[in-house]
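Just below is one structure, and these are the notes that go with it.
The values are calculated or read from the model by the stated rules, or taken from the named source; none is laboratory data. Given the structure is predicted, the values throughout are model-derived calculations rather than measurements. Ideal geometry is used to build each Cβ from the backbone, glycine not excepted, and the neighbour counts take in all protein chains shown. Side chains included, ligands, DNA and RNA excluded: accessible areas come from the protein's heavy atoms. Shrake-Rupley method; radii C 1.70, N 1.55, O 1.52, S 1.80 Å.
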Amino acid sequence: MARIFSGIQPSGSLHIGNYLGAVKNWVELQHKYESFFCIVDYHAITVPYEPADLRARTADMALSLLAAGLDPSKCTLFVQSAVPEHTELAWIFNTITPLGELERQTQFKEKASREESVPAGILNYPVLQAADILLYRAELVPVGEDQVQHLELSREIARKWNARFDARTTTEKVQAKIEGGEPGFFPEPKALLTPTRRVMGLDGQAKMSKSLGNTIDLLEAPASIWEKLKPAMTDPARVRRTDPGTPEVCNIYHLHKAFSPPATVDHVAVQCRTAGWGCIDCKKVLHESMEKEIAPIRARAKEIAANPQKMKDDLAAGAAHASTEAQKTMREVKQKMGLT
Ligand code: TYM
């Protein structure tokens, strides 16, 4: 079974963008691959935060992920800081990563432009991300589109490390390739994207993101979701109810594609093009479709919250298994690098 790895920041509860872009896919993939899913708290401390708040957000994220359908008997779910090898390998990768590559990262440029004094952790963030993935020698990484550039860098780091330290002969590499394996010690991890790889925010202007305040949380109450959907941006051409629209330019239509059955999606498109429905009618139907998918998740969240010890135990078991695998990789890495 091939291995997959993915991570998510402990931002509290999942939003619809995280869910549709990544986590819903994880829930399916956990049955097909040997899966590692990580709540990346070391990444989260690259921006200012309150310790008590981080602890609560980490627990809330674990709860959201379990409620969304991650099953600890099928996948390894754990918190990054419980496995110190992540930062150990990140340091090693820092020594082979070109500074220019880090400065070129779009997310670095965005984040750095908002800070007066930029901590080195923001620059080195994608190096830790490469370490997360390669520590488990994962081949596939299910993520949303915004992580694709970071993954390209992970591949480059794998290539550079392999070229420098993996002493396999060319014949051994060719043989490994013939057998369907990776030619180097570290595989070059590939992104696994979904059709909903970039979910737009309720403002319709930018991707859905907690920092932009344009999100719907997965565990939000139905009435609160409706209050957010009502004013959400639609096709600007539909000024009056009688103005026909273009579904493809409307974010609400794209959310229908993610949540509504195909027959409803077709019907929505026709009603939009012919001005048969107003945007509020369309949003009501979307809200119903969302409820069908989200109500069971909300119910599961309540059950999980009622037994916090079970969640702690699941995370501890996940960390124990991840540690075993991480230590195996680090033993080989240190051996090959002359560190032991
Ligand atoms: P994070 O926590 O920002 O997001 C978690 C996952 O959700 C996806 N996502 C989206 N997908 C579609 N539309 C959106 N609006 C949207 N917003 C978020 C992200 O692409 C991601 O898959 N750096 C990563 C965390 C990380 C990681 C890793 C990921 C650390 N180490 C190793 C993969 C592998 C991040 O901040 O994701």
Problem set entry | Estimated inter-spin distance, Asp281 and Lys257, nm [label 7 Å along Cα→Cβ] | 2.3 nm
Exercise. Roughly how tilted is helix 308-337, in degrees to the nearest 10 and between 0 and 90, from the longest Cα axis of the chain?
Worked result: 40 degrees
Seminar exercise, completed: Using alpha carbon centers only, the range 169-218 is separated from the range 228-292 by a whole-angstrom value of 29 Å
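With an 8 Å Cα cut-off and a minimum separation of 6 or more residues, compute the relative contact order for the chain in percent. If you can, show how the numbers build up before the last one.
Working: 487 pairs, mean separation 77.1, N = 340.
Contact order relative to length: 23 percent.
Let's see if you can work this out: charge +1 on each Lys and Arg Cβ, -1 on each Asp and Glu Cβ, no other charges. What is the dipole magnitude of the chain about its Cα centre, in debye to the nearest 20? Before the final figure, lay out the partial values.
Numbers: 42 positive and 42 negative charges, 71 e Å.
Here the size comes out at about 340 debye.
Could you please put Trp91, Trp26, Trp277 in sequence from largest to smallest accessible area, using a 1.4 Å probe? Working shown, then result.
Values: Trp91 170, Trp26 5, Trp277 50 Å².
Result, largest first: Trp91, Trp277, Trp26.
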Exercise. Once you list every other residue whose beta carbon is under 12 Å from the beta carbon of Thr76, what net charge do they have if Lys and Arg are +1 and Asp and Glu are -1?
Worked result: -2
For this session: Compute the Kirkwood hydrodynamic radius of the chain, taking the inverse of the mean of 1/r over all pairs of distinct Cα atoms, and give it in Å to one decimal.
Result: 21.6 Å
For this session: Heavy atoms only, probe 1.4 angstrom, no DNA, RNA or ligands counted: give me Val199, Val249 ranked by accessible area, highest first.
Result: Val249, Val199
For this session: Please give the solvent-accessible surface of Lys328 in Å², to the nearest 10, using a probe radius of 1.4 Å with every protein chain present.
Result: 100 Å²
For this session: Order these peptides, 315-321, 299-305, by their mean beta-carbon neighbour count within 10 angstrom, highest first.
Result: 315-321, 299-305
Seminar exercise, completed: Residues meeting the amide H criterion for Lys207 (H placed from the backbone, H to H distance under 5 Å, 5 or more places apart or on another chain) are Gly201
Exercise. According to the square roots a ≥ b ≥ c of the eigenvalues of the Cα gyration tensor, what is the shape class of the range 220-302, taking rounded for a/c under 1.5, prolate for a/b larger than b/c otherwise, and oblate for the remainder?
Worked result: prolate
Exercise. When only C-alpha pairs under 8 Å and at least 6 residues apart count, what is the relative contact order of the range 220-302, in percent?
Worked result: 31 percent
Exercise. Using r as the Cβ-Cβ distance of Lys32 and Ser117, and R0 as 56 Å, what FRET efficiency do you calculate, to the nearest 0.05?
Worked result: 0.80
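For the chain, report the accessible area per residue in Å² (1.4 Å probe, heavy atoms, rounded to an integer). Walk me through the numbers before you get to the answer.
Details: 16300 Å² over 340 residues.
Per-residue accessible area for the chain comes out at 48 Å².
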Problem set entry | Cut-off 12 Å (backbone N to label point 7 Å along Cα→Cβ of Met337), residues of the range 147-174 | 161-162, 165-166
Exercise. At Arg55 and Val270, where each label point lies 7 Å from the Cα along Cα→Cβ, what is the point-to-point distance in nanometres?
Worked result: 5.7 nm
Exercise. Could you give the nm distance between label points at Ser73 and Asp243, where each point is 7 Å from its Cα heading toward the beta carbon?
Worked result: 5.4 nm
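Carbon and sulfur together cover what percent of the accessible area of the chain at a 1.4 Å probe radius?
C and S atoms contribute 55 percent here.
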Exercise. Excluding ligands and nucleic acids, what accessible area in Å² is computed for Glu291 using a 1.4 Å probe, to the nearest 10?
Worked result: 40 Å²
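Taking each pair of distinct Cα atoms in the range 19-100 once, what is the resulting Kirkwood hydrodynamic radius in Å? Before the final figure, lay out each step's value.
Values: mean 1/r = 0.0691 Å⁻¹.
It works out to 14.5 Å.
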For this session: With r as the distance between the Cβ atoms of Lys109 and Lys302 and R0 = 35 Å, compute the FRET efficiency 1/(1 + (r/R0)^6) and round to 0.05.
Result: 0.25
Problem set entry | Candidate lysines - alpha carbon under 21 Å from Lys283, same-chain residues fewer than 8 apart omitted | Lys207, Lys228, Lys230, Lys257, Lys292
Exercise. Which value at 222 nm does the chain reach when only helices count, each DSSP H run of 4 or more adding -39,500 (n - 2.57), with the total divided by all residues and rounded to the nearest 500 deg cm²/dmol?
Worked result: -17000 deg cm²/dmol
